[in-house]
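S.K.: Mind having a look at this structure? Questions to follow.
Each value in this text was obtained by applying a stated rule to the coordinates, not by laboratory testing. Please read all numbers here as calculations on a predicted model, not as lab measurements. Here the Cβ is made from the backbone with ideal geometry for all residues, glycine too, and neighbour counts use every protein chain on show.
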Amino acid sequence: MSKNEILELLDQAKGLIEKDPNEAGIMLYKAAEKSMIILAAKHVQEVYKEANEKGSWGLFQLFKVAEELSKKLDKKIKKYWYEAWELRVESKQYGLRPEFLRNRIKDIEKLVSIALKNG
């Protein structure tokens, strides 16, 4: 996935916050996940290689990438990733409300911004 595709996901999610908050939350999560993968390709290459050999990214790998990136790039990356993960969990289990998304979207935007600068 390219950086432009991540920005497109982010924009689409913003447009859906009021109409379909669950879908918006999933799209925000996907933008965060793709940002983590782009950052892993450059900064956590051992995990990136492992995921590519396996053919998919697992939860453990993404959390490991968040931990490593928090040490290497920005200590808040781990927090931003946890916010993204919470969106995924909440959207699947409980349903999201627009205000919940509006309170968390800034962290997803910060994570995407870090990926665009450092990926």
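S.K.: With unit charges on the beta carbon (Lys/Arg positive, Asp/Glu negative), name the residue among Asn22, Pro98, Ile108 whose Cα is farthest towards the positive pole of the charge dipole of the chain.
M.R.: Checking the options against the dipole of the chain, the answer is Ile108.
S.K.: With a 10 Å Cβ neighbour count serving as the proxy for reagent exposure, in which order, fewest first, do Ser113, Ser56 appear?
M.R.: Ranking Ser113, Ser56 by Cβ neighbours within 10 Å, fewest first, gives Ser56, Ser113.
S.K.: Let me ask something additional. With θ set to phi - 60° and the Karplus curve 6.51 cos²θ - 1.76 cosθ + 1.60, what are the ³J(HN,Hα) couplings of the range 41-58 in order, to the nearest whole Hz, using x for Gly and Pro?
M.R.: For the range 41-58, the Karplus curve yields 4, 9, 10, 9, 5, 5, 6, 4, 4, 4, 5, 5, 5, 6, x, 7, 9, x Hz.
S.K.: Order these by the 10 Å Cβ neighbour count, fewest first: Met36, Met27.
M.R.: Fewest to most other Cβ atoms nearby, the residues stand as Met27, Met36.
S.K.: Right, another one. What is the angle, in °, between the Cα long axis of helix 77-93 and the longest principal axis of the Cα atoms in the chain? Nearest 10 is fine, range 0 to 90.
M.R.: Approximately 50 degrees, to the nearest ten.
S.K.: What spacing in nm lies between the two simple spin-label points modelled at Lys106 and Lys14, each 7 Å away from Cα in the Cβ direction?
M.R.: Label-label distance for Lys106 and Lys14, simple model: 1.5 nm.
S.K.: A further question follows. Once every DSSP H run of n ≥ 4 in the chain is given -39500 (n - 2.57) and the sum is divided by its residues, what mean residue ellipticity at 222 nm do you get, rounded to the nearest 500 deg cm²/dmol?
M.R.: -27500 deg cm²/dmol, from helical runs alone.
S.K.: GNM, the chain, Cα, under 10 Å: largest mean-square fluctuation among Ala41, Ala32, Ala66?
M.R.: Ala41
S.K.: Here is a further query. Can you give the angle from 0 to 90° between the axis of helix 59-72 and the longest principal axis of the chain, with both taken from C-alpha atoms, to the nearest 10?
M.R.: Compared with the principal axis, the helix lies near 70 degrees.
S.K.: Sticking with this one: In this model, which of Lys19/Lys54; Lys19/Lys64; Lys19/Lys117; Lys34/Lys72; Lys19/Lys71 are farther than 27 Å apart at the alpha-carbon?
M.R.: Too far apart for the 27 Å limit: Lys19/Lys54; Lys19/Lys64; Lys19/Lys117; Lys19/Lys71.
S.K.: While we're on this one: Counting Lys +1, Arg +1, Asp -1, Glu -1, what net charge surrounds Tyr48 among other residues with beta carbon under 12 Å of its beta carbon?
M.R.: Local net charge: 0.
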